Amino acid sequence: MERIKKHRGLKRYYKNLAIKNDFDKMDWLELDNPESWVDNWHLHFDWKGYGNNSFKRRKPHLDKLFRHFNILVEKTKNLKTGFQLYTILLDSGSDSDALFLHTPNQNNSQFSFQISDLQLTTTLTNTPLNDYIDQLVGYEKMYGQADEAFCLIFKENVGQSFR
């Protein structure tokens, strides 16, 4: 018989999701340094996958992701190079939802980063996620299908566009 692992401290965990700024711990992210570059650097907010089976548990992670998106919008105002700031949300993989920052880089990876076959109509089957995305104000949304349906979200006039 398989034992169910009890997750202790979830109340504190979810409280911290609402108030902590992960960028406070990232002194290496020197966006005001003209020599700085990132190669599709990204940050996940639900490493343990708590939101994979419950939108109620996914939503606080998404709220934190978009709070950090807006913090990063402010930080990128110091960048002296082109950049792309975006997020990708998967239909059912909360642990894969991530915030991305990409600049021209020494690794010679493609800049600007492009994803083919994006469309304006949703490919998502996750109704609560679709509803959440629809209520985001000030963001551009494009949808695609890879191993699973996804939504790419960015802000017009913040870095380089995906259009």
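Read-outs: derived from the displayed coordinates by stated rules, not from any lab. Everything numeric in this text was worked out from a predicted model, so none of it was measured. Cβ: placed from backbone, ideal geometry, glycine included. Neighbour counts: every protein chain shown.
Among residues of the range 21-79 being under 13 Å from the mean Cα position of the chain (by Cα) and among the polar types (S, T, N, Q), the one that is nearest to K11 (Cα to Cα) is N70. All of (1) under 12 Å from the mean Cα position of the chain (by Cα); (2) free of Cβ contacts under 8 Å to residues at least 60 places away in the same chain; (3) more than 19 Å from V158 (Cβ to Cβ) hold for A98 with one exception: (3). Might you let me know whether the range 44-59 holds any residue that is without any contact (Cβ under 8 Å) to a residue 24 or more places away in the chain and closer than 21 Å to E156 by Cα? Among the residues of the range 44-59, not one is without any contact (Cβ under 8 Å) to a residue 24 or more places away in the chain and closer than 21 Å to E156 by Cα, which makes the answer no.
Scanning the range 113-135 for residues that are surrounded by fewer than 14 Cβ atoms within 10 Å (Cβ to Cβ), part of a loop (DSSP other than H, G, I, E, B) and not polar (S, T, N, Q) yields I115, D117, L120. Just one of the numbered conditions (1) of a type outside the set (D, E, K, R); (2) closer than 28 Å to R57 by Cα; (3) touching a Leu at 6+ places or on another chain (Cβ under 6 Å) is not true of N78: (2). The set of residues in the range 47-103 being of a type in the set (K, R) and closer than 21 Å to D131 by Cβ consists of K56, R57, R58, K59, K64, R67.
Yes/no matrix, rows are residues, columns are (1) surrounded by 19 or more Cβ atoms within 10 Å (Cβ to Cβ); (2) of a type in the set (D, E); (3) within 15 Å of H42 (Cβ to Cβ):
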| position | (1), (2), (3) |
| --- | --- |
| F55 | no, no, no |
| N70 | no, no, no |
| L79 | yes, no, no |
| G82 | no, no, no |
| Y86 | yes, no, yes |
| Q106 | no, no, no |
